[in-house]
Amino acid sequence: MGAKRQRVVEQGSSFYGTSPGPSFMYNPTPFGYVGQPPPFPVVKLRGLPFDCTEVHVAEFFHGLDIVDVLFVHKNGKFTGEAFCVFGYPLQVDFALQRNRQNMGRRYVEVFRSKRQEYYKAIAGEVLDSRGASPRRSVPISKSYDEGKDTAEHTGILRLRGLPFSAGKDDIIEFFKDFMLIEDSIHFTLNSEGRPTGEAFVEFATAEDSKGAMAKDRMTLGSRYIELFPSSHEELDEALLRGR
């Protein structure tokens, strides 16, 4: 994990259990998957405390590179489930060793998951946040990748899974094939003024943002970066929430 996330965890309460030692960290090279793409490194958690935060999940999986934590809601209420994406595929095996370990007074179940299940949950969170009826017929069962491919491009991309220490110069380097200026990069903050791991980038044209999607799920440092076509409205809403 990035240095900033590590410091937050170390300052947190020990109520969420004793963290395993440094040997729990395992950063394999990608060469173990010669001839085939590596599996998407995601697990599903069930039975989380309803006051659970990303910091608690980071402490639960202490020593592993966490790229993203997605909490699952239904009708605006937290279900006690979440998805956790790691920086390396084999870290999933280490995460599964935490199955039925306690977080506070609750034991948490950890399951192996898939990319499609994670993307479907993201789509569900978007619908839930917009107040969509659970009975509404929405074609979200198809691969979320297809939704990315068919989405209209407005020149704006949303980035997810950024290291909390990432700066605008890192984003410019990530998209070095495109002409970006610092004023076109917007990091989002939570209610406490801390980075959320997301950012919005304004490209010169819609064609540029479409071309930049080729960087989807490529790494910045040790982190997978997810890219999503976005809009001026979504950008404005995100910036207002962080004020």
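Within the stretch 81-109, track down each residue that is in a strand (DSSP E or B), in contact with a Phe, Trp or Tyr (Cβ under 9 Å, 6 or more places away or on another chain) and farther than 20 Å from T196 by Cα. First the steps, then the outcome.
In the first step, residues of the stretch 81-109 are kept if they are in a strand (DSSP E or B); the result is 81-86, 101-103, 106-109.
With in contact with a Phe, Trp or Tyr (Cβ under 9 Å, 6 or more places away or on another chain) added as a condition, the list becomes 81-86, 101-103, 108.
Correct list: Q101, N102, M103, V108.
Is it the case, given these coordinates, that G17 is surrounded by 12 or more Cβ atoms within 10 Å (Cβ to Cβ), at pLDDT below 55, within 25 Å of R194 (Cβ to Cβ) and not aromatic (F, W, Y)?
Details: surrounded by 12 or more Cβ atoms within 10 Å (Cβ to Cβ): yes; at pLDDT below 55: yes; within 25 Å of R194 (Cβ to Cβ): yes; not aromatic (F, W, Y): yes.
Yes; evaluated as a whole, the condition is true for this residue.
What strands (runs of 3 or more DSSP E) completely inside the stretch 172-243 contain at least 2 residues that are open to solvent by 50 Å² or more (accessible area, probe 1.4 Å)? First the steps, then the outcome.
Details: elements: 185-189, 195-202, 218-220, 223-229.
Here the list reads 185-189, 195-202, 218-220.
Taking R130 and the conditions (1) open to solvent by 20 Å² or more (accessible area, probe 1.4 Å); (2) modelled with pLDDT of 85 or more, which numbered condition does it fall short on, given that it satisfies the others?
Condition not satisfied by R130: (2).
If G124 meets every condition in (1) of a type outside the set (S, T, Y); (2) crowded, with 16+ Cβ neighbours inside 10 Å; (3) modelled with pLDDT of 90 or more apart from one, which number is that one?
The failed condition is (3).
With the condition kept exactly as written, say whether any residue in the stretch 141-160 is more than 22 Å from M213 (Cβ to Cβ), open to solvent by less than 70 Å² (accessible area, probe 1.4 Å) and modelled with pLDDT under 85.
no
So in the stretch 58-114, with the set limited to residues that are among the aromatic types (F, W, Y) and either at pLDDT below 90 or assigned by the TED database to the domain that holds A166 (or both), which one is most open to solvent (accessible area, probe 1.4 Å)?
Taking the stretch 58-114 and keeping what is among the aromatic types (F, W, Y), we get 60-61, 71, 78, 83, 86, 88, 94, 107, 111.
Narrowing the set further to residues that are either at pLDDT below 90 or assigned by the TED database to the domain that holds A166 (or both) leaves 78, 88, 107.
Working: F78: 37, Y88: 55, Y107: 107 Å².
Only one residue fits best here, namely Y107.
Kindly indicate whether F50 is at pLDDT below 90, assigned to a helix (DSSP H, G or I) and open to solvent by 40 Å² or more (accessible area, probe 1.4 Å). Step through it out loud before you land on a result.
Details: at pLDDT below 90: yes; assigned to a helix (DSSP H, G or I): no; open to solvent by 40 Å² or more (accessible area, probe 1.4 Å): yes.
For F50, the condition - at pLDDT below 90, assigned to a helix (DSSP H, G or I) and open to solvent by 40 Å² or more (accessible area, probe 1.4 Å) - is not met.
The values are calculated or read from the model by the stated rules, or taken from the named source; none is laboratory data. Note that this is a predicted model, so its numbers are computed, not measured. Note: ideal-geometry Cβ built from the backbone for every residue, glycine included; neighbour counts use all protein chains shown. Calculation scope for accessible area: heavy atoms of the full protein, side chains included, ligands and nucleic acids excluded. Shrake-Rupley method; radii C 1.70, N 1.55, O 1.52, S 1.80 Å.
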